[in-house]
Amino acid sequence: MKISLPNLAQYRLRILFRGAFLLLALATIAMALYVLQQEKQLSYKNYQANFRKTSDQILATLRHPAGQLALLNPRTENGDAASAGLHPVLLPFSSLDFDDQNKVQQAVTMSGCLVQYGDSGALCVAIGNNPWAGGFIYVAGSFVSNELMPHQRGEQDIGDAHRVRVTVALRGQTYRWIAPFEKNGDPNAVQAHGAHGRLTGFLDDDSGLVGAKPVKDFRGWIWQSTLCSKPGQGEENKDCPRSSFFSLRLPVGVLQDALFQKNVPVWPPADLDKIQVRIEVLSPGDGPLLLDSKSASAARAFVVGDLASLLLPGESLRIRKRGAANNTDLVSLIGAEDHPDDSSRLLSRLVRRLPVDEVGVPNESRESVVTSAGIYDVTLTGDERSVNRSLGVVAARVSWFVGAMLLALFVAWLVIEIGIIRRITLLTWRAAKVSKIVKGSGGLDQFDLTDLRGADELGVLASCLHDLLRRVREDLEREEIRAEQEKEMWHAVGHEIMSPLQSLMALQGAAENQSSRYINRMQQAIRVLYGSASPSEAFQSTVLQVTAIDISAFLGNVADNAPLVGIANVRFSGGQPGVMVRADDYSLEDVVTHVLRNADRCRQPGSMISIDLKTTETAVTIAIHNEGPHIAEELIDKIFEYGVSDQLDAGANGNRGQGLFVAKTYMAKMGGTITAQNVADGVVFSLGLQRV
C-alpha cells in the first residue's frame, strides 16, 4: 500500500514560526539547566574547599588547650544557668600551682575552663589529670569589688571582711567552707591599693563565726589589682572598683579516700559531672553578693558539642579515644539543616542527574589529637548530597522565573497564533481548496473571504484575494460560454464531415483498399472528437478495441505506405513473422504516424528514418530513430503533455502540440509505453507493447 506524504512546503512558514517559539522555550530551559550545572560544579568545588577548611578548624580547636579540655570533658556542660551549680572539669594538667597568680591565670585562661558571669566575674572549677596529686578540687576566678577588707587573725567574727563561701555536694555528702580574706604582713599597717593575702578556710555553719583552727588542707590566695575597673577614675580613689583574682584548693575527703581503695584508682571520677560546686563571694556586712555561681547570667564555656556549628548539613564528626575499653564514639555530631527542604522531588532528581567534572565518594578526613590523657582519633565525614539539597532549593526558586518566561513565550505565541497564524491558515486552506476543488464559476460562490479582510497586511492580502476570486469567477463564466460554443461547433463540423466520409466509403468499395483504411481512420478520429468540450478530454475518454495483431506485418505496411502521407525514406528492419501483440490497429497506426511526422520534421534532409523491432518472451519494443538535433533536456520529460511543442510558432502553423500526447494516451490504453531518448546522432522513440 502506497502511503502519500503531505506536502510540507505549504506548512513551511507555520513550521518555521512555531519552531522558533519552540526553540526559544528549549533555549530557556537549556539556559536554566546550564546555569544549574555550573552552579553545581562551583558548589562542589566550594564544598570540598570548605570541607578541608572545616577539618583544619576543628583540629586547630581541639589541639588548643580549650579544645583538649573539651575532649577531656565531653559530657560536661560547664556554666549552665540551672540551679545545680558548677561541675568540675578535668584539666589537661596534672595540677594547678594555685600559689602563683600568673601560673594559675595562664592555666585557666588557656584551658578555657573559665565560666563568665557578665560583669560580675568568672569562675573555673576543675581537677588535675594526675590522681596522685591528691583528691583536690581547684577553684579559680575573679570578681570586681571596692578595696578588700581583711579579717583579723584570731577573731571569730568574720562579718566585716570580704570572704568566699564554697559548697561541694557529691555522693550524698556536702562540704561547706567559708574563707575570709586575711592580709599578708602586719595587719595593723596602713592598707595599700592592690593588696593581696590568704583565703583561710574554715568549716561553715551559717553562724557568721569561725573556729579557732582552720581546715588543714584548704588553701587559698587572693590578689587585687591596682588599676581601676572603671575608666576615668584615678588609682588614688579609695572607692574605685578593682578586679580581684583568687585561687582555692579544696580537700574533698570522699575523693581522697577513693584513691586508696584500689591498686589502680579510677581517675577522673566516673561521677565527675554529678559533683555540684557553688562559689559565693560575700562583701563585708550584709552587702550583696559580689559573685554567685548560681547566677542565671552565666555563659557556658566551650564544649565539644559547639563543634556542631562548624559542620555543614549532612557532615558528621566522630571522636574516639584510642585504646578505650568500650571502643565507642566519645563524641558523635551531625551538621544540622540550615534550611527546610522545600524543593520538589522532581527538581531534586533533576539536580542529582546534572553532571559535574569531579564527583567522587564523600570526603573523609582522619586525624588524631594528642593530649596528656591519651590520643583521640577525629573522623570528619562529608556529605556532598547537601550540595544537591541546597541546589534543589535554588532550583525551586529559579523554576518560578523559568516558568514565568515560558508562560510569557506561550502567551506571545498564543496571541500571534490566534491573531496572525490562524488567519494565514484559513487563508491558505481556502486558497488551496479553491485550486483543488473548484471547477466552474458556481464553485467560487461558497468561498467568502469577507471575515478575513481588514486594514493590516493580512487584511489587505485577503481583500486582494477576494477581488481576484471575483475576477476568476467572471473569467470562468466566460470560459464556460466559450466551451459551450466550441462544443456546438464540433457538433456541426462532425456532422458535416461524417456525411461526405460515408459517401467516400461507398465509392472505395473493397475493405482491403488502402484508401478505405485511411477513410476509416478519419471516421474514428471524428467519432473521438465528436461531442467533447476539448481535444484532450476526447482523447482521454476514448475506448479502444484491443485485439491481437501481427506487429511485423503491421510495421511493414506502415513503412510501405509512409510515402503516401508525405513521409519519405522510412525503412523497417523486419523481425520474425508471426509476432502477435495486444493493440488496436487504427490507434497504433495513429501512434506510429504521429512519431514519424515528428521524426520527419526534425531529421537531417535526405536522411533515413529507421524502424527496428526487438522482441522478448513477453514484450516487443519498436524503436523509431531519426538523425537530427537532440530534444532539449528541459523538454524531454514534457513533450508528451498536451499543448507542448518545440516550435515557437506552432500555433500559427497549425500545430497544436497534441500528436505525442495522443500517442502516449493511446499507448497507455493499449497497456504499452512510449519514451524518447537522445542518442549520439539523433533521437530514438521507443514504443513498448505486450505480446499475446
Net +/- balance of residues flanking His625 in space, Cβ distance below 9 Å, scoring K and R +1, D and E -1: -3
Rounded if a/c is under 1.5, else prolate if a/b is larger than b/c, else oblate: which is segment 543-690, with a ≥ b ≥ c the root eigenvalues of its Cα gyration tensor? prolate
Using a cut-off of 14 Å between beta-carbons, work out the net charge of the residues near Ser95 (Lys and Arg +1, Asp and Glu -1, Ser95 not included). -1
Give the long-range amide H neighbours of Val683: residues separated by 5 or more places, or on another chain, with amide H under 5 Å away, using H modelled in the peptide plane at 1.01 Å from N. Asn626, Gly628
Electrostatic dipole magnitude of segment 543-690 [Cβ: Lys, Arg +1; Asp, Glu -1; Cα centre; debye, to 20]: 140 debye
Ranked highest first by the average count of other Cβ atoms within 10 Å around their residues, in what order do 44-57, 591-604 fall? 591-604, 44-57
Around Val378: net Lys/Arg minus Asp/Glu count, Cβ-Cβ under 12 Å: +1
Rounded to whole Hz and in sequence order, give me ³J(HN,Hα) for segment 603-610 from the Karplus expression 6.51 cos²θ - 1.76 cosθ + 1.60, θ = phi - 60°, writing x for Gly and Pro. 7, 5, x, x, 7, 9, 9, 9
From phi via Karplus (6.51, -1.76, 1.60), per-residue ³J(HN,Hα) for segment 676-692 in Hz, x at Gly/Pro: 10, 8, 7, 10, 4, 10, x, 9, 10, 9, 10, 10, x, 9, 8, 7, 7
Show me 677-685, 158-166, 15-23 ranked by packing, highest mean number of other Cβ atoms within 10 Å first. 158-166, 677-685, 15-23
Cβ crowding within 10 Å averaged over residues, with 203-211, 138-146 ranked highest first: 138-146, 203-211
Karplus ³J(HN,Hα) for segment 364-377 (6.51 cos²θ - 1.76 cosθ + 1.60, θ = phi - 60°; Hz, whole; x = Gly/Pro) runs 8, 10, 10, 9, 10, 10, 9, 10, 5, 9, x, 10, 10, 8
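Where a number appears in this text, it was derived from the coordinates with a stated rule and is not lab data. What you see is a predicted model, and the numbers here were worked out from it, not measured in a lab. Positions of Cβ are backbone-derived with ideal geometry, glycine not excepted, and every protein chain shown enters the neighbour counts.
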